[in-house]
Amino acid sequence: MNINKLTKALFITSLMSLPASAAELEISVSNLTHGNYFTPLLIAAHDMDSHLFQAGEMATPALQKMAEGGDIADLDAAVTGAGGVTVANPAMGLLAPSAKVDSIMLDSGDMTHLSLTAMVLPTNDAFVGLDAWKIPTEAGTYTFTVNAYDAGTEANDEIINGGGASGTPGIPAAPGGDGGMNATGIMDNSNNDKVHIHPGVLGDTDMDGGASDLDSRVHRWLNPVARVTVIVK
């Protein structure tokens, strides 16, 4: 074989044997809702077989803790335990309605997929979720919107009572101070106990009673609830 052809063949073979190059990501997340907050965000880069959640599947205990009380610690530990990398709580607390957190830097290493999650407050078990988005290999700016999901772990009674622990009915709080009290509770007759697109809240306009402690003029939403921009460098 010609030496030049041999050198070229060896070069091509060596390139094919190299792992996918690491991608440096710059991420921003915008809360698109009118009156709802996101609890601390978890952004994760992981392999193709890992998931923070999957629509149509039962919620894991770690997902339930996040969706009902905003606790991302167990999800974070699951990702890093499987070799993934995360950015936890980049907004340093709650992400307010119409607010944006940007310049979130994440070195994905050899991880190929990106996920994101945070609880939506005030709700029983709604969360904003991005499931295993394949990170592009081509540099550029990628923008898309993200829906809110129902974890399927708790009835949507719309009662604000401080309940934020897994398996404890109720809503932890209305961070904007715009929730009601003394609600009798919404009758949630859904038997869908798997992760699914959230139907939104009903609410009412009686802040001293009624069926719901949520204000329908403030807390109702239509999907999508977030905008995500990923710059692949």
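Coordinate-derived values only; no laboratory data. All values reported here derive from a predicted model rather than from experimental measurement. Neighbour counts run over all protein chains shown; Cβ positions are idealised from the backbone, glycine included.
Summary table below
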| read-out | value |
| --- | --- |
| [x] 18.8; [y] 17.8; [z] 21.2, with the label sought being that of the calculated Kirkwood radius over Cα pairs in Å | [x] |
| Sequence-separation-based contact order of segment 20-232, relative, with Cα cut under 8 Å and 6+ spacing, percent | 28 percent |
| Potential extension, K134-D49 segment - 0.36 nm per residue separation minus Cα distance | 29.5 nm |
| Shape call, segment 39-129: gyration tensor on alpha carbons, a/c limit 1.5 | oblate |
| Max mean-square fluctuation residue, GNM over the chain, Cα-Cα springs under 10 Å, options D110, D208, D178 | D208 |
| Gyration tensor verdict on segment 140-233 (Cα atoms; rounded if a/c is under 1.5, prolate if a/b is larger than b/c, oblate otherwise) | prolate |
| Within a Gaussian network of the chain (alpha carbon springs, distance under 10 Å), most fluctuating of A118, A151, A23 | A23 |
| Residues T145 and D188, FRET efficiency given R0 of 25 Å [Cβ-Cβ distance, rounded to 0.05] | 0.45 |
| 19 Å reach of a label modelled at M207, 7 Å along Cα-to-Cβ, counting backbone N of segment 157-185 | 158-162, 171-185 |
| Residues I160, I72, I171 arranged by fewest to most Cβ contacts within 10 Å | I160, I72, I171 |
| Choice from N223, N156, N124 with maximal GNM fluctuation in the chain (Cα, 10 Å cutoff) | N223 |
| Protection proxy ranking of 64-71, 132-139 - average other beta-carbon atoms within 10 Å, highest first | 64-71, 132-139 |
| Formal net charge of residues neighbouring Q54 (Cβ-Cβ distance under 13 Å; K, R +1; D, E -1) | -2 |
